[in-house]
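Encoded as structure tokens, the structure appears first; notes follow it.
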Amino acid sequence: MNARRNVLVAGTAVLAAFAAVGCSAENSSHAAKAAAGPDTVTYHADYPAYSSLDDVLKTSDAVVEGTVVGTRVQKVLPDAPAGDNPATNPQAGLSPVEAKAARKAAEENPVIVTVSKVKVTRALAGKVAVGDTIEVSQLGGTYHGVAYQDEDTTLLAKGGQRYVLMLAAHGKNPYDLLNPEQALYSVKADGTVKAVSVNGFDGAGKVDQLAAKAGRIAGSRTR
């Protein structure tokens, strides 16, 4: 059985979990597991969009070239929301009974993410060094026999493929892509950088050219 779940992404994909109390789905993952046939939950997420590759680079906390050396899939439960603003707390104004029911629904429908370990082969921007292993979180993955899929996300693959990733940092949490389509690029054997998605930006050039551009943008921040 296929289910569709809406996810509000507050900033970037890893933060989806913190808005999960506002999610909706036609069927829960439990219902999907019990149904015959393929078990799939499709996420529909709203991501921040950028007008150019330069804008993505300007916003990135780190830009790296690297390869995937390991992955894991995990569920992320939302933090309990606080405050009286319905825009940031979907439970604002609910009675204690209603708020408890909303929290239970969120716990029964966790956000599933794939966390990839990426070995950095080149640091183009940010506080990352060659040889570091960083973690990058993406929405979706197969968890307990159910495939959770985000319409816009292409999960990073092991096998030696080099990627250029434009990342947002969240302290102790894994990095995530600023936008799953506009911040994910593959690197060809000759160093050419190409968008993985048709909705990514063309004209990134080669890694050396992109590194020079990222360096200029980083330098302009400090002036």
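Of everything in segment 124-154, what is closer than 15 Å to Y175 by Cβ, in contact (Cβ under 8 Å) with a residue 12 or more places away in the chain, outside any strand (DSSP E or B) and not acidic (D, E)? Give them in sequence order. Walk me through how you get there before you give the answer.
Narrowing segment 124-154 to residues closer than 15 Å to Y175 by Cβ: 124-129, 132-139, 153.
Those left that are additionally in contact (Cβ under 8 Å) with a residue 12 or more places away in the chain: 124-128, 132-139, 153.
Now narrow it down to the ones that are outside any strand (DSSP E or B): 126-128, 132, 153.
Residues satisfying the conditions are G126, K127, V128, T153.
On the stretch given as segment 168-188, residues that are modelled with pLDDT of 95 or more and over 13 Å from S60 (Cβ atoms) total 5. Looking at segment 155-172 only, could you name the residues that are touching a residue at least 24 places away in the same chain (Cβ under 8 Å) and of a type in the set (K, R)? K158, R162, listed by residue number. Which ones in segment 173-214 are over 14 Å from R162 (Cα atoms), surrounded by 14 or more Cβ atoms within 10 Å (Cβ to Cβ), touching a residue at least 24 places away in the same chain (Cβ under 8 Å) and of a type outside the set (A, V, I, L, M, F, W, C)? Scanning segment 173-214 gives N173, P174, Y175, D176, N179, P180, E181, Q182, S197, K213. Given the structure, is S60 exposed (fewer than 13 other Cβ atoms within 10 Å of the Cβ) and at pLDDT 75 or above? Against the criterion (exposed (fewer than 13 other Cβ atoms within 10 Å of the Cβ) and at pLDDT 75 or above), S60 does not qualify.
Within segment 34-57, the set of residues being among the aliphatic types (A, V, I, L, M), within 14 Å of the chain's Cα centre (by Cα) and modelled with pLDDT under 90 comprises just one member, A45. Scanning segment 155-167 for residues that are modelled with pLDDT of 95 or more and either more than 23 Å from T192 (Cα to Cα) or assigned to a loop (DSSP other than H, G, I, E, B) (or both), we see that the one that is farthest from the chain's Cα centre (by Cα) is Q161.
Checked against the criterion of being closer than 18 Å to K127 by Cα and at pLDDT 95 or above, segment 189-202 has no qualifying residue.
The values are calculated or read from the model by the stated rules, or taken from the named source; none is laboratory data. Worth saying up front: this structure is predicted, and the values here are computed from it rather than measured. Please note: Cβ atoms are built from the backbone with ideal geometry, for glycine as well, and neighbour counts cover all protein chains shown.
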